[in-house]
Amino acid sequence: MDVLVLNAGSSSLKYQLIRTGTHEEVLVKGQVERIGEPGGEAHNHAEAVERALAGLSGIEAVGHRVVHGGVRFSGSVRITGEVERVIEECSALAPLHNPHNLAAYRASRRLLENLPHVAVFDTSFFHTLPARAYLYALPWEYYERDHIRRYGFHGTSHRYLAARAGALLGGAGKLITCHLGNGCSVCAVDGGRAVDVSLGFTPLEGLVMGSRSGDIDPGILFHLGRTRGLDLAALERLLNRESGLKGLSGRSNDMRDLEEAAVAGDARAELAIEVFCYRLVRYIGAFWAVLGGADGLVFSAGIGENRTGVRTRVCRGLECFGVRLDEEANRTTVRREGRISADGALPVWVIPTNEEVMIARDTAAVVRA
Ligand code: ADP
């Protein structure tokens, strides 16, 4: 089945036409950028979708990446009027993402009215989390009435990584998957089911990210409100856009820049990398205990696939679990799949993530069901 995969962000639309089958084949791949910006490639998402469709033919179904599926969707679904309404409701939980996903859906529905459209959610993989992992220790009514709980994100990526690692392992075991891009998360997977994840109610919790803080003591926010007079919008901006690697280093949100600067003697760049790796070791250690042991560890996304130095540092921090890298394999496994652990040690793999293929597979499966 030839599936068009649409992934709409606030200012970009990524698309791929993928032929599903025993081996997926990417027929076309493209991106419309700087949507709505002066001199951009499209004024709005509708125009961006039109542009993407201009060169395409033979589409049999459309798969949409949707960031937030709330508590309703535990898997991918065909988009009906009712599904569309729930996605819209979930916009309150993901105001920076769902509206763009919906805009792209509505535009493509107008242009491809007779095709099946399927929503694939970033959150649905985490429906298997036990209550002890998704509850925050707030008064109960905040969970019940306000739906405050861990939702988790990057689910399509973790699901892909767990499936691929399971295949490499020869069976779905206990896995820890690390998605380290601009946004970063780590996930504990047992027998193909997610049991915990570092991202929370929003994509702000957990690991140190490019410009997001990850975990901080919430008391810091009250203190800054009192002492600096920062309001909610300023605090939100601080934690989402000014923190993480960028904030710590005062230099860049890009790990490449920081590693270069650290080698050249920039102490803060070095410290930013150290905090990043330490936080990851801390989470992996916690998830190791949560799983009661792990059969394999996966590195993925921009940093995980490319930054061999980060992998070395993190794995050194995990030696007590039997993790040992093959330095040569680590050095040469860049932007491709491969095992980087030493013979006889716990398997550590680099697996390039592929959310688009997962969306295409789901779409074909939902349409055929
Ligand atoms: P996003 O989450 O926006 O998709 P990426 O997965 O591209 O982000 O990850 C961005 C991070 O990955 C940056 O810190 C960058 O340094 C690193 N990175 C991405 N691509 C490469 C590359 N080809 N070589 C080295 N580092 C890379």
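The values are calculated or read from the model by the stated rules, or taken from the named source; none is laboratory data. As the structure is a computational prediction, the values presented were derived from the model and not from experiment. Positions of Cβ are backbone-derived with ideal geometry, glycine not excepted, and every protein chain shown enters the neighbour counts. To get the accessible areas, we keep the full protein, side chains included, count just its heavy atoms, and leave off ligands, DNA and RNA. Shrake-Rupley method; radii C 1.70, N 1.55, O 1.52, S 1.80 Å.
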Along the Cα-to-C-beta direction of Arg132, a point sits 7 Å from the Cα; which residues of the stretch 188-215 have their amide N less than 18 Å from that point?
188-191, 193-198
FRET efficiency estimate (nearest 0.05) - Cβ-Cβ, Glu270 to Thr80, R0 30 angstrom
0.05
Added length on full extension, which subtracts the Cα-Cα distance from 0.36 nm per residue, Tyr143 to Arg228
27.5 nm
Projected label distance in nm at Ser10 and Val71, using a 7 Å step from Cα toward the beta-carbon:
2.9 nm
Cut-off under 27 Å on the C-alpha distance; same-chain residues fewer than 8 positions from Lys246 excluded. Which lysines are left, in chain and number order?
Lys14
To the nearest 10 Å², what's Arg19's accessible area with a 1.4 Å probe?
100 Å²
Using a Förster radius of 35 Å, what is the FRET efficiency between Arg282 and Glu260 based on their Cβ-Cβ separation? Nearest 0.05, please.
0.85
Test of the criteria: in the stretch 113-175, which GluC sites (Glu not before Pro) are in a DSSP loop and have at most 12 other Cβ atoms within 10 angstrom of their Cβ?
Glu113
Expressed in nanometres to one decimal, the distance between label points 7 Å along Cα→Cβ at Phe201 and Thr22 is 4.9 nm
If I ignore ligands, DNA and RNA and count only protein heavy atoms, how much of Met1 is accessible to a 1.4 Å probe, in Å² to the nearest 10?
40 Å²
For the chain, what does the helix formula give at 222 nm: sum of -39500 (n - 2.57) over DSSP H segments with n ≥ 4, over the residue count, nearest 500 deg cm²/dmol?
-12000 deg cm²/dmol
If every alpha-carbon in the stretch 267-330 counts as one equal scatterer, what log10 I(q)/I(0) does Debye give at q = 0.22, 0.29 1/Å?
-1.00, -1.43
A correct Karplus calculation of ³J(HN,Hα) over the stretch 336-345, with 6.51 cos²θ - 1.76 cosθ + 1.60, θ = phi - 60°, whole Hz and x for Gly and Pro, returns 8, 6, x, 8, 10, 8, 5, 4, x, 8
Spelling out what I want: for every residue of the stretch 160-168, take phi, set θ = phi - 60°, compute 6.51 cos²θ - 1.76 cosθ + 1.60 (Karplus), and round to whole Hz; glycine and proline get x.
4, 5, 5, 5, 5, 5, x, 5, 5
Accessible surface, 1.4 Å probe, highest first, among residues Leu248, Leu221, Leu17
Leu248, Leu221, Leu17
Can you tell me which aspartates and glutamates have their Cα less than 17 Å from the Cα of Lys174? Leave out same-chain residues fewer than eight positions away.
Asp190, Asp196, Asp295
Out of Ala233, Ala163, Ala131, a Gaussian network model of the chain with alpha-carbon springs under 10 Å gives the largest mean-square fluctuation to Ala233
Scan the stretch 242-337 for GluC sites (Glu not before Pro) in coil per DSSP, keeping those whose Cβ has at most 16 other Cβ atoms within 10 Å, and list them by number.
Glu242, Glu337
Full extension from Leu56 to Ala92: what is 0.36 nm times the residue separation minus their Cα-Cα distance, to one decimal in nm?
9.6 nm
Between Leu115 and Arg241, with labels modelled 7 Å along Cα→Cβ, what's the label distance in nm to one decimal, could you check?
3.5 nm
Gyration tensor on Cα atoms of the chain, a ≥ b ≥ c root eigenvalues, a/c under 1.5 rounded, else prolate if a/b beats b/c, else oblate, says rounded
Give a residue-ordered list of calculated ³J(HN,Hα) values for the stretch 220-225 (Karplus: 6.51 cos²θ - 1.76 cosθ + 1.60, θ = phi - 60°; whole Hz; x for Gly, Pro).
4, 5, 5, 4, 5, x
Using a 1.4 Å probe on heavy atoms of the protein chains only, the accessible area for Arg78 in Å², nearest 10, reads 120 Å²
Per principal axis, largest first, the Cα atoms of the stretch 161-256 extend in Å by 55, 29, 16
Relative contact order for the stretch 253-369: what is it in percent, counting Cα pairs under 8 Å that are at least 6 residues apart?
21 percent
Among the chymotrypsin sites (Phe, Trp or Tyr not before Pro) in the stretch 82-142, which ones are in a DSSP loop with at most 13 other Cβ atoms within 10 Å of the Cβ? Mind listing them?
Tyr136
Length-normalised contact order of the chain, Cα under 8 Å, at least 6 apart, in percent, tallies to 15 percent
Take the alpha carbon gyration tensor of the stretch 107-167, find the square roots of its eigenvalues, order them as a ≥ b ≥ c, and report rounded if a/c is under 1.5; if not, report prolate when a/b exceeds b/c, else oblate.
oblate
